[in-house]
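First the structure, in the form of structure tokens, and then the observations on it.
The values are calculated or read from the model by the stated rules, or taken from the named source; none is laboratory data. Quantities reported herein were computed from a predicted structural model and do not represent experimental measurements. Cβ atoms come from the backbone with ideal geometry, glycine included; neighbour counts cover every protein chain shown. Only protein heavy atoms, including side chains, enter the accessible area calculation; ligands, DNA and RNA are left aside. Shrake-Rupley method; radii C 1.70, N 1.55, O 1.52, S 1.80 Å.
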Amino acid sequence: MHPRRRLNPVHKSPAPAPSLSTLRELRESGHVHRPVKAEIRENLLARLRAGEPRFPGIVGFDETVLPHLERALIAGHDLVLLGERGQGKTRLIRTVIGLLDEWTPVVAGCEINDHPYAPVCARCRGLADDEIRVAWKHRSERYGEKLATPDTSVGDLIGDVDPIKIAEGRTLGDPETVHYGLVPRTNRGVFSVNELPDLAERIQVSLLNVLEERDIQVRGYNLRLPLDLLLIASANPEDYTNRGRIITPLKDRFGAEVRTHYPKTIEDELVLIRQEVIPDIGADVPEHLVEIIARFTRLVRESTAVDTRSGVSARFSIAATETAAASAVRRAALTGEENAVTRVCDLPGIVHTLRGKVEFEVSEEGREVEVLAHLLRRATAETFRNTLGGLELAPLLEKFSEGAQIESGELVPATELLRRIGRVDGLAKIMSRIGMGEGDESPGHAAAALEFTLEGLYLMRRLSKDDIAGGAVYRT
């Protein structure tokens, strides 16, 4: 993608960690120990008062999802994000760690990140004040995540007996023989369970104490380990609400349930595509091409031929844009074009490569490519009406009044296409209307604008088109 079409937030380098290294120095500095949920609450409120971004990179949730999420965080609730695939649930969860303090002190060498003021594990409680050394963890290290899979065990999440420590001479029942799982190792941080309903019921039971009593139990050990963490889970609404996929006591222990959704407006869809597409593919993707893909994605989501329960991921539009850009790069490599600019002829290829991302209704079996191709034509027509509707295109149509035929295709370089079309009065106005401005004056951009116009005129039934191998011929 062209750099100016990217909207990714700038990631700043973290400030250096504090140099305090002893418990005495930490106390003298005036440091105050806050539980994780209080830390998140106070930092969130500070950003709200200052009008600063709270969840950078999240698109289209400002008026719908984020207010509910903010209320849950302020209330100190563990929560579940419910939504179909590709709605940004994991991305949203990971932005929550940005609400933690940039650096936090931990007891050096502690497996569960004990705070020097309030250690909870057996090892750290046995240390004298002058033996406690202070280390510092960045907020990016205070996040744990587990994708729920059928082979997930209680040991993975909570912990188990460590046979190596037993072999070293420790006795069974010694708390220091416990190998902690992912949840306690994320103590004083944020832990995420993705696709929670996929956990077996007996594994879900292991999370009950974590959510309510805030402690863990490991086998038969008389061990009470109060944890300080925020637990966020993600789930598909169908799996989460169906009886038997998630145990009722676990649902009851989550304080909040927040529903996500796909972008509600075409503008949000466009921002999301520009933000997420890989920038170094090597081709410019003009604005009208991004709009076609955004409208195509929305039409696929709304189609009755598509299984709405599975949804159409935001990754569909992102992958479509990257595939179209790759087609332009391939053309440039094969034909010797200096600059790769994506054109309408690069779009049909996405139908074949992305059909596996869409779950179709059983009645549409065998018609997947036909359905997607039809929706792509509709998206192109809608974009043409939105950008060039009402514009006088007589100079271009006149070229066909005398029987001219113009062949285009994915391997026709821009300069050759422009030669076949010839001079067109009003080209600058066409390019301006579809979002091309200063810097978009190359032959590739001019060819992209004219080819889009030809395709739009065909879809508006003002031109005819014959499809040929790898391209098309436009005529009257």
- Message: Scan region 254-267 and tell me whether some residue there is over 20 Å from LEU199 (Cα atoms), assigned to a helix (DSSP H, G or I) and among the hydrophobic types (A, V, I, L, M, F, W, C).
- Response: yes
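From GLU365, GLU361, GLU337, which residue is more than 25 Å from the chain's Cα centre (by Cα) and either buried (at least 20 other Cβ atoms within 10 Å of the Cβ) or of a type in the set (S, T, N, Q) (or both)? Explain how you work it out, then say what you get.
Details: GLU365 fails: either buried (at least 20 other Cβ atoms within 10 Å of the Cβ) or of a type in the set (S, T, N, Q) (or both); GLU361 fails: either buried (at least 20 other Cβ atoms within 10 Å of the Cβ) or of a type in the set (S, T, N, Q) (or both).
Among GLU365, GLU361, GLU337, only GLU337 is more than 25 Å from the chain's Cα centre (by Cα) and either buried (at least 20 other Cβ atoms within 10 Å of the Cβ) or of a type in the set (S, T, N, Q) (or both).
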- Scan region 272-284 and give yes if some residue there is more than 30 Å from GLU338 (Cβ to Cβ) and either open to solvent by 10 Å² or more (accessible area, probe 1.4 Å) or among the hydroxyl-bearing types (Ser, Thr, Tyr) (or both), otherwise no. yes
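Which one of LEU81, LEU66, LEU99, LEU48 is among the aliphatic types (A, V, I, L, M) and over 21 Å from the mean Cα position of the chain (by Cα)? Steps first, answer last, please.
Details: LEU81 fails: over 21 Å from the mean Cα position of the chain (by Cα); LEU66 fails: over 21 Å from the mean Cα position of the chain (by Cα); LEU99 fails: over 21 Å from the mean Cα position of the chain (by Cα).
It is LEU48.
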- Task: Output the number of the condition that PHE400 fails; it satisfies all remaining conditions of (1) open to solvent by less than 10 Å² (accessible area, probe 1.4 Å); (2) closer than 23 Å to VAL285 by Cβ; (3) modelled with pLDDT under 95; (4) not aliphatic (A, V, I, L, M).
- Result: (2)
- Message: Here are the criteria: (1) in a helix (DSSP H, G or I); (2) open to solvent by 20 Å² or more (accessible area, probe 1.4 Å); (3) assigned by the TED database to the domain that holds ASP440. Tell me which single one THR304 does not satisfy.
- Response: (1)
- Within region 212-243, how many residues turn out to be open to solvent by 50 Å² or more (accessible area, probe 1.4 Å), modelled with pLDDT under 75 and not in a loop (DSSP other than H, G, I, E, B)? 1
- Message: Just to verify a result, which residue in region 445-470, among those that are acidic (Asp, Glu) and surrounded by 14 or more Cβ atoms within 10 Å (Cβ to Cβ), is nearest to ALA379 (Cα to Cα)?
- Response: GLU455
